[in-house]
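Everything on this sheet refers to the single structure shown next.
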Amino acid sequence: MRKSTAAVWEAVHAERRRLAADLSPLRAEQWEVPSLCPGWSVHDVLAHLVDTARTGRVGFVRGMLGARLNFDRLNQYGVLREKRQDPQGTLRALREVSELTRTPPVNPATRLVEAIVHGEDIRRPLGLVGSYPEPAVVQALAYQVRTPVAFGGGRERAAGLRLVDRRTGTAWGAGTEIEADALDLLLTVSGRPVELDPPG
C-alpha cells in the first residue's frame, strides 16, 4: 500500500472510530432526526456507512448489477441491508467494520470524502461538533472539485467559483471567490446546505 493511500485509510479508520464514540450516548428519538442527506435519518446514514465499509470491488459491481445500474437504488438497498432494528446494533456494526480497507474500483479518496461528509450529515443536525485533520479535509475537497456530480463529486457545483480555505489560503478553481473553512467548502461542493457568502 502506497504511503498516500495508507494515510487515507488511517484517517478513515480514525473517523469511523470517532463517529462511533460520538453516537454512543444518543437517545432513541435522536436516531430518527433527519440528516443532511435528503430522506435519510441519522440512523439511515449510519447504516449506509456500515454498508460502504463492507463493500469492495466485486461487491460493488454485483450490487450495481442488482440495482440495475442505479446508484441511488444501490445505496438504498445497502441501508436496508445494514440497518438494524436497534440503532445500537448498527452502531456495533460500525465498530466491527471500522478497520476495513475495502473500496469500489475508484480512488480511495472517495472513502475519505464519505467519512467526513457523512460524519457531518449526522453530527450537524444533532448539534455535535466533529474534529477532522485539516490535511484530510483539504484532500477530500481537492478530490470533490475535480470529480463529476454523477460520480459523487462536486465539480459542476464548484464551476465558476474560486474556493479559498480561510485557514491555509489554499484555493481551487477560478471565478467568484468564496472564502470559508475547508470543511464548509467540502460540504457545499458535496451538495449539503451550508450558507457561504462571497466577501463584500
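The values are calculated or read from the model by the stated rules, or taken from the named source; none is laboratory data. Because the structure is a prediction, the values reported are computed rather than measured. FYI the Cβ positions are ideal-geometry reconstructions off the backbone, even for glycines, and counts take in every protein chain you see.
The criterion of at least 1 residues that are modelled with pLDDT of 95 or more, surrounded by 19 or more Cβ atoms within 10 Å (Cβ to Cβ) and touching an Asp or Glu at 6+ places or on another chain (Cβ under 8 Å) is met, among helices (runs of 4 or more DSSP H) falling completely within segment 107-200, by 109-126, 134-145, 182-189. Would segment 105-120 turn up any residue that is farther than 21 Å from D165 by Cα and of a type in the set (V, I, T)? Looking through segment 105-120, at least one residue is farther than 21 Å from D165 by Cα and of a type in the set (V, I, T). Of the helices (runs of 4 or more DSSP H) lying entirely inside segment 1-76, the ones with 2 or more residues being within 17 Å of the chain's Cα centre (by Cα) are found at 3-23, 42-54.
The set of residues in segment 82-106 being more than 12 Å from S24 (Cα to Cα), surrounded by 15 or more Cβ atoms within 10 Å (Cβ to Cβ) and of a type outside the set (S, T, Y) consists of E82, K83, R84, A93, V97, L100, R102, P104. Listed by first and then second residue, the pairs with beta-carbon distance under 6 Å, at least 6 apart or on different chains, first residue in segment 78-101 and assigned by TED's automatic domain parsing to the domain that holds G63, second loosely packed, with under 15 Cβ neighbours inside 10 Å, are S98/R17. Quick one: in segment 10-51, which of the residues that are in contact with a Ser or Thr (Cβ under 7 Å, 6 or more places away or on another chain) and among the β-branched types (V, I, T) is farthest from A136 (Cα to Cα)? Residue satisfying both the conditions and the ranking: V33.
Scanning segment 86-106 for residues that are closer than 27 Å to Q144 by Cα and part of a loop (DSSP other than H, G, I, E, B) gives S98, E99, L100, T101, R102, T103, P104, P105, V106. Touching a Pro at 6+ places or on another chain (Cβ under 9 Å), touching a residue at least 24 places away in the same chain (Cβ under 8 Å) and either closer than 18 Å to V50 by Cβ or not assigned by TED's automatic domain parsing to the domain that holds L163 (or both) - does that describe any residue in segment 122-142? Checked segment 122-142: at least one residue is touching a Pro at 6+ places or on another chain (Cβ under 9 Å), touching a residue at least 24 places away in the same chain (Cβ under 8 Å) and either closer than 18 Å to V50 by Cβ or not assigned by TED's automatic domain parsing to the domain that holds L163 (or both). Among residues of segment 29-45 that are touching a residue at least 40 places away in the same chain (Cβ under 8 Å), those with a Cβ under 8 angstrom from a residue that is small (G, A, S), sequence gap 6+ or separate chain, pair up as W31/S41; V33/S41; P34/S41; S35/S41; V42/S35; V45/S35.
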